[in-house]
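Note sheet for the following structure.
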Amino acid sequence: MPRKTVEIEPRVEYLSILDEHGVVDAALDPRLDGDLLARMFRYMLATRRLDERLINLQRQGRIGTYGPTRGQEAAQIGTAMSIGPEDWTAQAFREMGMMLVRGWGMHMPMFFWGGHEEGNVVPEGVNDLPIAVPVSSQTLHGVGIAWAMKLRKTNNVCLTYLGDGGTSEGDFHEAMNFAGVYSLPVVFIVQNNQFAISHPRRMQTRSKTLAQKALAYGFNGIQVDGNDILAVYVAAREAVEKARSGGGPTLIECVTYRLSVHTTADDPTKYRSEEEVRQWEKRDPLIRFKKYLMERNVLDDASVAGVEEDIRGQIKEAVDYYEAYEGVDPVDPFRYCLAEPSAELVAQQREFEAAMRAEGLMR
Amino acid sequence: MASEFKLPDLGEGITEGQIVRILVAEGDEVAEDQAILEVETDKAAVEIPSPVAGVASKIHVKEGETVAVGQTLVTFDGDGGADEKPAKAEKPAKKSESSGKSAKQQAPQVEEPERKRTKAQPADDDDDDAAAARKTKATPEPPARDVDESTPGGPQRTRAAAAPAVRKFARENGVDIDALTGSGPGGRVLQSDVEAAIGGAPAPGRPSAPARVPAPPAVTFGKLEGQVDKDNWGKIKRQSLSQIRKTIARQMVKSVSTIPHVTQTDDADVTVLEELRAGLKARGEGGPRITSMAFLLRTLAHCLREHPVFNATFDSEAEQIVYKEYINIGIAVDSPRGLVVPVMRNVDQLSITGIAQELGRVAQKVRNVDFTIDELRGGTFTVTNYGAIGGVYGTPVINHPEVAILGVGRTQERLALDGDRVVRRKILPLSLSFDHRATDGAQAARFLNDVVTYLSNPALLLVQ
Ligand SMILES: Cc1ncc(C[n+]2csc(CCOP(=O)(O)OP(=O)(O)O)c2C)c(N)n1
């Protein structure tokens with residue numbers, strides 16, 4: 001009956017390879033293939049431009065509320081490119097960069113945020129779950145998928161994405177515990193973008209890092225510079241390889257910053273300083289990566305201009321496609337609620353139709 | 001091509017915004033997505049990017065001005081804007097002809113050009129997603145909001161001022177609220193105006209365009225049965241009231257709870273009248289069928305002139321009887337939608353043949369559920385001919401705010417005494433309900449006596 005210290009391994013690594021000035025740590029540089037690097041850049045730029053366009057579309061009344069991705073491109077694209085098409089993802093709602101990598105079309109976010117459920121239908125052959133708005137609910141789904149993978153003895157892994165706010169949800173902790181106990185092939189990608197709407201990271205948990213949450217559940221957590229795509233990619237590769245070979249789960253905390261609004265209905269000037277934003281803008285993941293690619297001669301000005309041009313065309317094509325869409329019958333939700341509609345539902349439908357007609361929105 | 005840019009619905013409950021800054025001047029060449037205005041809403045100050053490339057030919061707002069969602073901000077002369085959907089019609093047509101892909105299939109992908117080209121090429125896509133084909137129509141119709149776009153200052157159709165609850169009430173009762181002239185402050189339409197529109201008395205100054213009675217909902221589910229449930233004694237089934245049932249229920253409660261009803265009954269000997277009708281029928285000639293109802297209405301028109309208190313409404317608030325100088329008789333009929341009371345106007349000015357013709361027309365309209373709210377308004381007296389189905393006497397409920405209603409039973413063959421002789425007569429049973437606030441039993445008896453006298457001696461109709 002002594003009073004003594006129980007030894008655990010309180011160890012959290014931090015990884016940064018490419019700093020905000022574009023200086024690379026030569027010893028840590030994974031020396032990735034030029035083609036892979038160019039593809040990473042392409043996805044990052046596409047995500048950025050599409051994000052900008054979506055905000056404009058919302059401001060012009062052409063889509064509804066939209067939750068931007070700006071600043072989180074490295075965290076999303078670095079992780080998404082670490083897995084293959086046979087692997088799975090369970091996303092939250094701010095993972096547009098990841099979605100583009102996985103094969104969702106550029107028009108899909110327009111449909112989704114434009115209020116058309118078609119935008120949340122996973123494309124054929126893509127192993128992703130749809131967008132999940134209930135915060136952290138997707139972590140349980142991701143763990144469930146990983147459990148199935150383990151039971152089926154496949155070599156696949158599942159990435160599940162969440163935000164710093166998501167780590168305060170019960171679902172997250174249940175998912176973490178289950179993943180640890182069953183040693184499942186799942187990687188928790190926490191994009192710590194410093195805010196859950198207006199709630200700052202420091203008010204989210206007293207823990208020094210979010211990565212250390214993994215320790216309580218018996219597996220490793222690593223903190224990476226989430227604006228450094230090389231660090232993100234390296235950490236993700238390691239975690240994925242470990243999971244694939246039966247080593248169990250990992251949590252990766254990508255330290256990043258939400259450079260834009262929480263959603264287009266948000267005004268961040270009410271809870272953070274412009275000075276803070278300016279500081280983080282200097283750490284923009286695209287700026288440093290572009291510098292790195294130029295120095296490695298993977299890109300030059302002409303090729304960047306070509307990529308920009310391509311992306312502009314694709315976004316235009318996506319917008320045209322979206323805007324030509326007729327939409328569905330607004331009465332549809334009533335049709336698919338119940339096999340046998342209840343009297344209440346029928347009454348509600350009639351009321352809805354009368355209101356739509358009265359507003360001239362329906363014939 | 002000019003296009004108008006309106007303050008979009010900036011989302012999540014925003015209905016208006018204040019123009020903080022105008023970032024372009026009239027006549028400026030503007031690029032697509034270039035910031036043109038800064039608008040502050042309840043939620044945030046946001047820059048509004050131009051939806052089109054073109055010249056900002058007119059700026060309709062000033063800095064500091066509060067603008068509503070949907071209000072025109074800027075007019076552009078240029079190569080077509082977001083609001084000019086038809087200009088893009090060819091594009092989707094091409095898409096749906098070639099494949100008809102759903103949102104999930106046609107994916108402008110972010111990839112290297114080679115891969116992109118194969119993916120974006122509709123020609124080699126043989127998928128036939130039928131649902132998608134249905135959804136992606138060849139020519140997108142302009143959205144309904146285009147209706148307003150010709151009038152920058154606001155909607156073309158004047159929207160009546162009315163509280164939301166009153167709007168809902170009007171909608172539920174099939175009344176076009178925008179066609180009413182309100183009696184409230186500043187022309188506000190009140191619930192009582194809507195009630196008047198439903199109840200018969202036309203609201204003053206109502207424009208001529210009548211509201212359509214809403215057709216039954218286009219979307220039906222095979223069955224409309226309510227939920228099966230059970231109580232202590234066995235199975236039951238609940239059924240929500242249809243809109244028309246709700247209206248009838250409300251009207252009936254109002255009538256019975258405000259009007260002290262008295263019902264008197266009497267019989268009319270229609271033997272002679274029926275012989276007369278038989279004679280007319282024998283003549284044939286393909287004219288309208290002269291029913292006993294036509295004779296009855298003719299009779300009523302005459303007797304209502306003689307007893308004007310029965311051709312009136314009771315205004316309890318003003319404590320007045322409102323005598324109507326016109327005779328508009330409502331006829332309660334069992335339509336496919338339930339009880340409706342189309343009104344036959346100026347019955348006193350019609351011949352029996354005219355009435356018969358009019359009855360035929362009304363019956364036809366009711367069968368086809370093809371009548372306007374207007375045709376149900378403005379009655380001065382109501383007849384309910386339940387006898388067409390069956391029954392002898394009844395206690396009809398007055399069509400509020402009228403003074404009286406006549407129930408007509410089924411014509412019976414009865415044995416009667418003619419002096420000492422027993423004879424066979426045709427008897428029409430009548431039940432008159434009246435508002436005892438407006439008049440008394442003696443008046444009612446006199447009125448009913450007259451009706452019976454005319455029906456029993458139809459020759460009198462010729463000499464009045
Ligand atoms: C269970 C649940 N609670 C609340 C919300 C409302 N909500 C939407 S986003 C959000 C903040 C999420 O923050 P974080 O997990 O950090 O993700 P981020 O928005 O920063 O990407 C909240 C509270 C929700 N969608 N689901």
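Only the coordinates and a few stated rules stand behind these numbers; no lab work does. If you're wondering where the values come from, they're calculated on a predicted model, not measured in any experiment. No Cβ is skipped: glycine too gets one built from the backbone with ideal geometry, and neighbour counts run over all protein chains shown.
Ranking B:Gln191, B:Ala165, B:Ile177 by Cα position along the charge dipole of the range B:164-204, where only Lys, Arg, Asp and Glu carry charges on their C-beta atoms, puts B:Ala165 farthest toward the positive end. Remark on B:Asp176: its backbone amide H falls under 5 Å from those of B:Ala211, a criterion applied only to residues 5 or more positions apart or on other chains, H modelled at 1.01 Å from N. Residue by residue along A:222-229, Cβ atoms of other protein chains within 10 Å of the local Cβ number 0 on average. Per residue of peptide A:51-61, the mean number of Cβ atoms on other chains within 10 Å of the residue Cβ is 6. Each residue of the range B:330-345 was assigned a 3J(HN,Hα) from its phi angle through the Karplus expression (A = 6.51, B = -1.76, C = 1.60, θ = phi - 60°), giving x, 10, 6, 10, 8, 9, x, 8, x, 5, 10, 10, x, 10, 9, 8 Hz with x at Gly and Pro. Comparing A:Leu54, A:Leu32, A:Gly64 along the charge dipole axis of the range A:17-67, the residue lying farthest to the positive side is A:Gly64, per the Cβ-charge model. Of interest is the spacing of the C-alpha centroids, which for the range B:257-323 and the range A:214-277 amounts to 85 Å.
Values of log10 I(q)/I(0) for the range B:285-417 across q = 0.09, 0.10, 0.16, 0.18 Å⁻¹ run -0.27, -0.34, -0.85, -1.06, by the Debye formula with one identical scatterer at each alpha carbon and no solvent. What the phi angles of the range B:166-176 give under the Karplus curve with 6.51, -1.76 and 1.60, with θ = phi - 60°, is a coupling list of 5, 4, 5, 4, 5, 4, 5, 9, x, 9, 7 Hz, glycine and proline written as x.
Rounded to the nearest 5, the antiparallel percentage of DSSP beta bridges internal to chain A is 10%.
Working from Cα pairs under 8 Å separated by at least six residues, relative contact order for the range A:96-226 is 18 percent. Other residues with beta-carbon under 12 Å from the beta-carbon of B:Ala44 carry, at +1 per Lys or Arg and -1 per Asp or Glu, a net charge of -4.
Here the Karplus curve 6.51 cos²θ - 1.76 cosθ + 1.60, taken at θ = phi - 60°, turns the phi angles of the range B:15-32 into couplings of 10, 8, x, 10, 6, 8, 9, 10, 9, 10, 10, 4, x, 5, 7, 10, 8, 4 Hz, with x standing for Gly and Pro.
Considering every residue in A:343-355, what mean count of other chain Cβ atoms within 10 Å of its Cβ is obtained?
Numbers: counts 9, 4, 3, 11, 6, 1, 4, 8, 4, 1, 4, 7, 3.
Across A:343-355, the average partner-chain Cβ count within 10 Å equals 5.
For the protein assembly as shown, what proportion of DSSP beta bridges, expressed in % and rounded to the nearest 5, is antiparallel? Of the beta bridges lying entirely in the protein assembly as shown, close to 65 percent run antiparallel.
If you take the square roots of the eigenvalues of the alpha-carbon gyration tensor of the range B:164-204 and sort them as a ≥ b ≥ c, do you get rounded (a/c under 1.5), prolate (a/b over b/c) or oblate?
Values: a/c = 1.76, a/b = 1.12, b/c = 1.57.
In terms of gyration-tensor shape, oblate.
Per the Kirkwood formula applied to alpha carbons, the range A:235-319 shows a radius of gyration over Rh ratio, Rg over Rh, of 1.09.
For chain A, rounded, prolate or oblate, judged on the Cα gyration tensor with a ≥ b ≥ c (square roots of eigenvalues), a/c < 1.5 rounded, else prolate if a/b > b/c? Show your work: numbers first, answer last.
Numbers: a/c = 1.73, a/b = 1.27, b/c = 1.37.
Oblate, since a/c reaches 1.5 and b/c is not below a/b.
DSSP loop GluC sites (Glu not before Pro) in the range A:287-363 with at most 14 other Cβ atoms within 10 Å of their Cβ, which ones?
Passing sites in the range A:287-363 are A:Glu359.
Rounded to whole Å and sorted largest first, what semi-axes of the equivalent ellipsoid does the C-alpha gyration tensor of the protein assembly as shown yield via the square root of 5 times each eigenvalue? Could you put the intermediate results ahead of the total?
On the way: eigenvalues 1130, 185, 122 Å².
Semi-axes from the Cα gyration tensor: 75, 30, 25 Å.
Counting pairs of alpha carbon atoms under 8 Å apart in space and at least six apart in sequence, what relative contact order in percent does the range B:164-204 give?
Values: 39 pairs, mean separation 14.0, N = 41.
Relative contact order here is 34 percent.
Measuring nothing but how far apart in sequence close Cα pairs (under 8 Å, 6+ apart) lie, relative to its length, chain A scores a relative contact order of 22 percent.
Mean Kyte-Doolittle of at least -1.0 and a Cα length of 27 Å or more along the axis: which whole DSSP H helices of chain A meet both? Counting only whole DSSP H runs, the qualifying helices are A:34-59, A:301-323.
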